């Protein structure tokens, strides 16, 4: 399998697709297509992207685009128990949380784009962003307290799962912009940022030298 992704420093959906491929345990290669370059803008670098966006997973002649579709495809191939809790109650919550992340939280997405090269210590979130973060905090706390913590694991439903894949970019957003969350969520963020796959992605992101200025949020401090 071959996964096509965008800039690791900025492409939140690419992070989800890549983490899903890692979680599957199946062999894959990764091709990075720098976003917003002349080749990207002209479409010359996106000939293998049916939706003209990243990520795209090629499994032989089959193209699977969109991070959620990639998760579903890889769960079919690698085993659903790798991706989702086995018991019905946590699995139902994991499905719903992942779908809510996929479809929602637009104020947070727009105001706080994923940026692994800077921090924004003076960022002032809007009321809509605060409401998004409060909802995410409540979801994380529910999952951790009811399902993750009782298993003695640091992630949402115990072992690292598809729900963690879906919320991984939000972990970075909260850390990057210093957004307020509960102690439960702060501990979860610390565990996520310490995960070897997240560490690998972040190191690669910081090493990128592609020009990119789509997300000009003022007040950034290089990290």
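Express in % the proportion of alpha carbon pairs of the stretch 52-96 at distances exceeding 17 Å. The answer is 41 percent, as a whole percent.
What the Cβ-Cβ distance of residue 210 and residue 63 gives, at R0 = 25 Å and to the nearest 0.05, is a FRET efficiency of 0.60. Working from label points 7 Å from Cα in the Cα-to-Cβ sense, the residue 36 to residue 81 distance is 4.4 nm. On full extension, the segment bounded by residue 48 and residue 135 gains 27.7 nm, given 0.36 nm per residue less the C-alpha separation. Under the criterion of Cα pairs below 8 Å and six or more residues apart, the relative contact order for the chain equals 25 percent. Directionally averaged projected area (the stretch 2-80, Cα convex hull): 4.8 nm². Here, P(r) means the percent of Cα pairs in each 10 Å bin from 0 to the largest distance; for the stretch 126-173 it is 27, 51, 19, 3. Our helix-only sum for the chain, with -39,500 (n - 2.57) per DSSP H run of n ≥ 4 divided by its residues, gives a mean residue ellipticity at 222 nm of -15500 deg cm²/dmol. Which shape class, rounded, prolate or oblate, goes with the stretch 85-202 when its Cα gyration tensor gives a ≥ b ≥ c as root eigenvalues, a/c under 1.5 marks rounded, and past that a/b bigger than b/c marks prolate? Note, shape of the stretch 85-202 comes out prolate. The order of the peptides 12-23, 86-97, 36-47 by mean Cβ neighbours within 10 Å, most packed first, is 12-23, 86-97, 36-47.
Label separation (residue 145 vs residue 127): 2.6 nm, computed from points 7 Å beyond Cα along the C-beta direction. Comparing Cα centroids, the stretch 1-47 and the stretch 188-214 end up 14 angstrom apart. The calculated pair-distance distribution of the chain uses every alpha carbon pair, bins of 5 angstrom beginning at 0, and gives 1, 7, 15, 19, 20, 18, 12, 6, 2, 0, 0 percent.
Throughout, read-outs are computed from the coordinates displayed, never taken from laboratory work. Only a predicted model underlies this, so the values are computations on that prediction, with no experimental measurement involved. Glycine also receives a Cβ, built like all others from the backbone with ideal geometry; neighbour counts cover every protein chain displayed.
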